[in-house]
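The values are calculated or read from the model by the stated rules, or taken from the named source; none is laboratory data. The shown structure was predicted, so the numbers you read here are calculated from the model rather than taken from an experiment. All Cβ positions, glycine included, derive from the backbone under ideal geometry; neighbour counts span all protein chains shown. Note: areas computed on protein heavy atoms with side chains; ligands, DNA, RNA excluded. Shrake-Rupley method; radii C 1.70, N 1.55, O 1.52, S 1.80 Å.
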Amino acid sequence: MRRILVGDIGGTTSRLGIFEEGRILARQDFPSRNFGSFEEILEPYLKDLSVPRPRVACIAVAGVVEENRARVTNLPWVVDGNAILERTGFASFRLVNDFEAVAWGMPALTREHLVQIGGQETQGENQVRAVLGAGTGLGEAVIVPCPDGPKVLATEGGHTDFAPRNPLEIRLLEYLLMKTAPVSIEHVLSGPGLVRIRAFLAHERANPQAVEDPAEITRCALNGTDPVSVEALEVFCGIYGAEAGNLALRTLALGGVYVAGGIAPKILPFLSKGVFREAFESKGKMRKVLERIPVFIVTHPEIGLIGAARAALSL
């Protein structure tokens with residue numbers, strides 16, 4: 001199989017690796033905000049590469065990709081694939097949206113890397129499937145079956161409006177509107193969003209203790225050491241389930257909804273409790289439809305890199 005340079009550029013972490021024979025080799029992770037551009041990561045990586053250099057590259061970018069160029073959504077970076085191609089001598093250097101890459105990676109997953117939360121068994125490859133995931137931001141994509149093989153539609157669904165479902169979430173929206181407008185679903189369904197939810201609940205409960213690190217909120221919630229963090233993660237999971245159900249309805253994803261991203265595997269005990277699935281199904285007249293649709297939590301740690309390689313091979 002062809003050797004491919006693959007990458008996954010995110011607001012927190014950027015990853016590079018070599019895809020060969022279905023595996024990721026020479027993977028390195030870089031804290032994105034320590035670098036001024038993607039090239040500052042790429043050039044030393046290629047220089048120090050311990051395996052033969054590939055001729056083909058596909059890099060997943062958290063942002064809109066147009067004409068092989070992307071402005072990274074949560075970083076002050078512009079990645080120009082054509083300019084990099086000219087400077088580096090690759091035969092092909094392609095950019096794809098990060099969740100487009102995740103969607104391309106879905107066929108490579110086995111049950112070992114999927115945890116099902118509700119729904120029925122389904123013939124996924126013959127039906128529309130939807131993918132979403134919260135991390136530094138919120139990504140969404142759609143996999144559409146076609147006669148010549150599945151096609152992936154990249155989206156920026158994470159930047160659509162946050163739609164509160166109950167009085168608490170209405171107050172959360174009002175709290176956030178005092179700080180920013182409009183309030184997108186990514187403002188609440190992301191690592192920074194979890195921090196905002198906890199800050200809102202601390203304000204509601206007259207609890208002055210602030211926690212600015214989403215990993216710390218998650219740790220306290222899982223350990224049960226901070227009631228406000230527990231409630232924040234429960235609210236977060238309810239909003240996550242509601243948005244997953246919204247995406248399932250928008251795309252009629254009878255083939256299933258796949259939840260990827262960096263946060264979901266870390267909060268699996270909370271996602272499995274029931275609030276996520278109830279929010280997913282609670283869509284009035286459409287409940288019976290959604291009860292059938294399975295949701296899978298994706299636990300594969302390299303799905304973005306594998307998906308970038310599969311995108312290169314497919315496109």
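Tabulated data
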item: Descending principal axes extents, region 177-219, alpha-carbon based, whole Å; result: 27, 22, 11
item: Centroid-to-centroid separation of region 221-291 and region 104-127 [C-alpha atoms, Å]; result: 17
item: Accessible surface of the chain [probe 1.4 Å, protein heavy atoms]: carbon and sulfur percent; result: 51
item: The chain: Rg to Rh, with Rh as the Kirkwood radius over Cα pairs; result: 0.98
item: Mean Cβ neighbour count within 10 Å, used as a protection proxy, ranking 222-235, 299-312, 40-53 highest first; result: 299-312, 222-235, 40-53
item: Helical segments meeting 27 Å axial Cα length and Kyte-Doolittle 0.0 threshold in the chain (DSSP H); result: 227-251
item: Burial ranking of peptide ranges 152-159, 56-63 (average Cβ count within 10 Å, highest at the top); result: 56-63, 152-159
item: Ordering of 282-292, 29-39, 182-192, 256-266 by burial proxy (mean other Cβ atoms within 10 Å per residue, highest first); result: 256-266, 182-192, 29-39, 282-292
item: Accessible area in square angstrom per residue, the chain, 1.4 angstrom probe; result: 45
item: Potential extension, HIS159-GLU125 segment - 0.36 nm per residue separation minus Cα distance; result: 9.5 nm
item: Local electrostatic count at LEU138 - Lys and Arg +1, Asp and Glu -1, tallied over other residues with Cβ under 9 Å; result: -3
item: Convex hull of Cα atoms in region 128-228, direction-averaged projection (nm²); result: 8.0
item: Cα shape, region 3-101, gyration tensor, a/c 1.5 rule; result: rounded
